[in-house]
Amino acid sequence: RWTAAHSAAAMNVCKELVRQVRSLRRGGNNIVIVFACRTFDLENDLEIKNLLGKSENQSFTQIPIKEFSDEQLKEILGSDTAALANSQIRILSMPQNLAVWMQLKQDGIRPDFRSATELMRRFWENRRQILEQKAGISAEQLNEFLHRLLDYIEDNGEISAPTVITQLNPKVRDALLSYGVLQQGQTRISFCHQRYLDYLIAERLL
């Protein structure tokens with residue numbers, strides 16, 4: 001549930017997917033649909049409540065997505081657990097934070113962080129360094145590209161932008177796509193995770 005303008009279109013897509021899956025199940029097909037949303041929307045969004053409430057004898061099973069338990073984290077982190085403070089382990093119990101940390105580890109970085117924001121800062125420092133060393137993209141080039149993208153997103157209240165605005169510097173665009181920062185559809189381009197965008201907007205405001 002992003003902005004009011006895009007939520008309606010997204011919700012229509014979800015409704016149609018649910019309708020088609022129900023139709024296939026009535027025809028004997030063993031198929032399920034995974035419908036993900038924020039807990040806040042599940043409890044407060046009337047459209048989502050109405051969609052999930054009309055089960056038509058095909059009930060939904062609610063599976064809360066919570067933080068990783070200590071046991072799960074120990075299994076995932078392995079020997080790295082010993083090198084992390086308890087406060088850092090609590091931060092990594094959130095799946096998105098853990099994904100960022102794992103990506104940095106894969107790149108050979110052991111980030112020092114005391115908060116989720118610091119972890120995201122280390123991610124962007126790492127990506128800027130990689131882009132400069134491996135793709136030959138200067139800080140000035142990257143900042144110019146990101147500023148143009150952020151200007152459009154903030155001015156229009158959206159979370160994506162037309163691909164055409166990235167054509168002025170396809171080298172930077174392609175590098176960001178290659179290193180998992182951006183993702184591109186047929187006509188739109190967006191960040192792979194909205195937290196990447198949120199961090200850049202907050203950084204620019206500060």
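For segment 111-206, run through the trypsin sites (Lys or Arg not before Pro) and keep only the ones in DSSP coil with at most 12 other Cβ atoms within 10 Å of their Cβ. Of the trypsin sites (Lys or Arg not before Pro), the ones in loops of segment 111-206 whose Cβ has at most 12 other Cβ atoms within 10 Å are Arg114. For segment 65-166, the share of accessible area belonging to carbon and sulfur comes to 47 percent (1.4 Å probe, ligands and nucleic acids excluded). Shape class of segment 103-177 from the Cα gyration tensor (axes a ≥ b ≥ c, square roots of the eigenvalues): oblate, since a/c reaches 1.5 or more and a/b does not exceed b/c.
Per-residue accessible area (protein heavy atoms, 1.4 Å probe) orders Val13, Val21 as Val13, Val21, starting from the largest.
Cross-chain or 8 or more residues apart, Cα under 28 Å: how many lysine pairs in segment 54-156 fit that? Count them up, please.
Going through segment 54-156 pair by pair, I get 5.
Heavy atoms of the protein chains alone define the surface here; on that basis segment 113-206 has 54 Å² accessible area per residue at 1.4 Å probe size.
If you take semi-axes √(5λ) of the Cα gyration tensor in Å from the coordinates, which of (i) 29, 20, 19; (ii) 34, 26, 16; (iii) 31, 20, 18 do you get? The value computed from this structure is option (ii). The GluC sites (Glu not before Pro) of segment 20-86 that meet both conditions, a loop assignment by DSSP and at most 13 other Cβ atoms within 10 Å of the site Cβ, are Glu56.
The values are calculated or read from the model by the stated rules, or taken from the named source; none is laboratory data. Note that the coordinates shown come from a computational prediction; the quantities given were computed from them, not determined experimentally. Cβ coordinates were reconstructed from backbone atoms using ideal geometry, including for glycine residues, and neighbour counts include every protein chain displayed. Quick note on the areas: whole protein, heavy atoms, side chains included, nothing else; ligands and nucleic acids left out. Shrake-Rupley method; radii C 1.70, N 1.55, O 1.52, S 1.80 Å.
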